[in-house]
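A.B. asks: The structure's right below; bear with me while I get my questions together.
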Amino acid sequence: MKRFFKNTLFFLLLCLAGSLLALQLLPDYYGNPLYSDKLEEARELAEAGEVNTLFYGSSRFYRHIDPRVTDSLLAGEGMSSYNLGATSLLNPQSYVLYEEFLRGERPEVDYVFLEMSGFRQIKPGNIPTPMNYHYLDPWSLAYIARYMKESPRPLDVGGRILLEYLASYAYKILYAVPDLVEALTGERAISEAVTRGSRGYYSLDAEYRAVESDSDPVALRRRQFLDDSTVVDLYASASRRAYGEEGERARINRVHLQRLRSLLELSRSRGVELYFVISPRMARYDRILAVRDSLPEERVIDLGSIVRYPGFYSLEHTFDANHLNEKGAWHFSRVLAEEIREKLSGEAGAR
């Protein structure tokens, strides 16, 4: 029996050593191939002097910002941009990946516009997937733990979210060897967001036109929205509550605020001008606006208000519950460009 336990312990240690070695050999961003492809192209364009601005965010950036539109309106400011938006690229993943970008080779860009978002919860079925765990490490888990401790969420809810991230990190270690084998032997197509030559932008309408089956996820999302579009009314109501006269606010999460401030400082030290962007169509704004109010006003572009930007909540501009269609993306890109110009001209005047 003693020998059995020794052999079992040796085997487990051997497996752990193999997993830790595999983690070192895995390619960067193996769980988010869209981001990986786009980052590679963005770096190549930046090194060639063709891009000096990046948009960092979730699918709300990916599907809503057309650099061809923003660049045409910001030519006078000398901006040439790339859309680095990708699925699930929200807090904490977006902050981690942006910080890695800054700490890597010298960033060849002048401006970054980073989506400022609430905390992304993992759906239970996605806990054991590379998309959710590829970027996790002890430091990001420590941030998550501090964030949940400071969060206005009930303690049991914050604890459950932390446990979900810990479980996902455990899967990262457990699946490291299979993930490495898949990364080395698997084949995958380069994203349309790269091959179309659209600087990282790929509208949902364009993807929808290319689908070959009604069971495709994009087709299903479109059909679900057409069957019930009332979710847009919920987003509109959340915006009215937050941006109305009373202005709903939650208790400020100081861990979130400190993370954003540290990203501002790190960006400055690397020669990058960082701006935060609040997207429309969020389920709630009270937490994010509480943090916004403690950041430098000149560094935040807030596009969440239905009063100021009713077009972002229009059915005419909608593809599915969370995203704008091509017409809406064109409108969003133009408004964003106008807000960027205003911020830059304001700072130039202050100088």
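A.B. asks: Between the alpha-carbon centers of region 167-207 and region 273-291, tell me the distance in whole angstrom.
C.D. replies: Measuring centre to centre over Cα atoms gives 27 Å.
A.B. asks: So if I place +1 on the C-beta of Lys and Arg and -1 on the C-beta of Asp and Glu, and nothing else carries charge, what would the dipole magnitude of region 117-196 be about its Cα centre? I want it in debye, nearest 20. Walk me through the numbers on the way to the answer.
C.D. replies: On the way: 9 positive and 8 negative charges, 61 e Å.
Dipole about the Cα centre, nearest 20: 300 debye.
A.B. asks: Would you calculate a helix-derived [θ] at 222 nm for the chain, using -39,500 (n - 2.57) for each DSSP H run of n ≥ 4 and dividing by the full residue count, to the nearest 500?
C.D. replies: Numbers: 16 runs with 191 residues, N = 351.
The helix-only estimate for the chain comes to -17000 deg cm²/dmol at 222 nm.
A.B. asks: Positive end of the dipole of region 174-220, charges at C-beta (+1 Lys, Arg; -1 Asp, Glu), about the Cα centre: which of G186, G197, A219 has its Cα farthest in that direction?
C.D. replies: Value computed over the given set: G197.
A.B. asks: Compute the distance in nm between two label points, each set 7 Å from the Cα along the Cα-to-Cβ direction, one at V307 and one at Q24.
C.D. replies: Label at V307, label at Q24, 5.7 nm between them.
A.B. asks: Additional query: Kindly state, to the nearest 0.05, the FRET efficiency for D293 paired with V218, given R0 = 30 Å and r defined as their beta-carbon distance. Intermediate values should be presented prior to the final figure.
C.D. replies: Details: r = 37 Å, r/R0 = 1.22.
So the FRET efficiency works out to roughly 0.25.
A.B. asks: Next question, about the same structure. If you take the charge dipole of the chain about its Cα centre, with +1 on Lys and Arg Cβ and -1 on Asp and Glu Cβ, which of S117, L266, V177 is farthest toward its positive end?
C.D. replies: V177
A.B. asks: Send over the per residue convex hull volume for region 18-80, Cα only, as a whole number of Å³.
C.D. replies: Working: hull volume 6.1 nm³, N = 63.
Normalising the Cα hull of region 18-80 by residue number yields 97 Å³.
A.B. asks: Which shape class applies to region 27-158: rounded if a/c is under 1.5, otherwise prolate when a/b exceeds b/c and oblate if not, where a ≥ b ≥ c are the square roots of the Cα gyration tensor eigenvalues? Before the final figure, lay out the partial values.
C.D. replies: Numbers: a/c = 2.13, a/b = 1.85, b/c = 1.15.
Here region 27-158 falls in the prolate category.
A.B. asks: Pull out a ≥ b ≥ c, the square roots of the eigenvalues of the alpha-carbon gyration tensor of region 192-256, then state rounded if a/c is under 1.5, prolate if not and a/b is larger than b/c, and oblate in the remaining case.
C.D. replies: Verdict is oblate for region 192-256.
A.B. asks: Multiply the residue separation of E342 and N52 by 0.36 nm, subtract the distance between their alpha-carbon atoms, and state the gained length in nm to one decimal. Present the calculation step by step, with values, prior to reporting the outcome.
C.D. replies: Details: separation 290, 0.36 × 290 = 104.40 nm, distance 1.84 nm.
Contour length minus the Cα-Cα distance gives 102.6 nm.
A.B. asks: Excluding P107 itself, what net charge comes from residues whose Cβ is under 13 Å from its Cβ, given Lys and Arg +1 and Asp and Glu -1?
C.D. replies: Local net charge: -2.
A.B. asks: Using +1 on the beta carbon of Lys and Arg, -1 on that of Asp and Glu, and nothing else charged, what's the dipole of the chain about the Cα centre, debye to 20? Can you show the working numbers first?
C.D. replies: Numbers: 44 positive and 49 negative charges, 303 e Å.
About 1460 debye.
A.B. asks: Assign unit charges at the C-beta atoms only (+1 for Lys and Arg, -1 for Asp and Glu), then state the dipole size of region 12-142 relative to its Cα centre in Debye, rounded to the nearest 20.
C.D. replies: Details: 9 positive and 17 negative charges, 136 e Å.
It comes to approximately 660 debye.
A.B. asks: Extension gain L226-L163, at 0.36 nm per residue separation less the Cα-Cα distance, in nm?
C.D. replies: Result: 19.1 nm gained on full extension.
A.B. asks: Using only the alpha carbons of the chain, determine the length spanned along each of the three principal axes and report them from longest to shortest in whole angstroms.
C.D. replies: Answer, in whole Å and largest first: 74, 51, 45 Å.
A.B. asks: Can I ask one more? I need to check one value: relative contact order of the chain, counting alpha carbon pairs closer than 8 Å and at least 6 residues apart, in percent.
C.D. replies: Working: 492 pairs, mean separation 80.8, N = 351.
Worked out over the chain, it gives 23 percent.
A.B. asks: Measuring from the lowest to the highest alpha carbon on each principal axis, how far does region 270-346 reach, largest first, in angstroms?
C.D. replies: Taking the Cα atoms of region 270-346, the three principal extents are 38, 26, 24 Å.
A.B. asks: Picking from A210, A48, A236, which is most flexible by a Gaussian network model of the chain using Cα springs under 10 Å?
C.D. replies: The residue that fluctuates most here is A210.
A.B. asks: All other residues with a Cβ under 10 Å from the Cβ of M79 taken together, and with Lys, Arg as +1 and Asp, Glu as -1, what is their net charge? Walk me through the numbers on the way to the answer.
C.D. replies: Working: positive: R341; negative: D71, E77, D110.
Local net charge: -2.
A.B. asks: Also, I was wondering about something else. Which residue fluctuates most in the GNM of the chain (Cα springs below 10 Å): L45, L324, L90?
C.D. replies: With Cα springs under 10 Å in the chain, the top fluctuation among L45, L324, L90 is at L45.
Bear in mind these aren't lab numbers, they're just calculated from the coordinates by the rules spelled out. Worth saying up front: this structure is predicted, and the values here are computed from it rather than measured. Glycine gets a Cβ as well: all are built from the backbone with ideal geometry, and neighbour counts include every protein chain shown.
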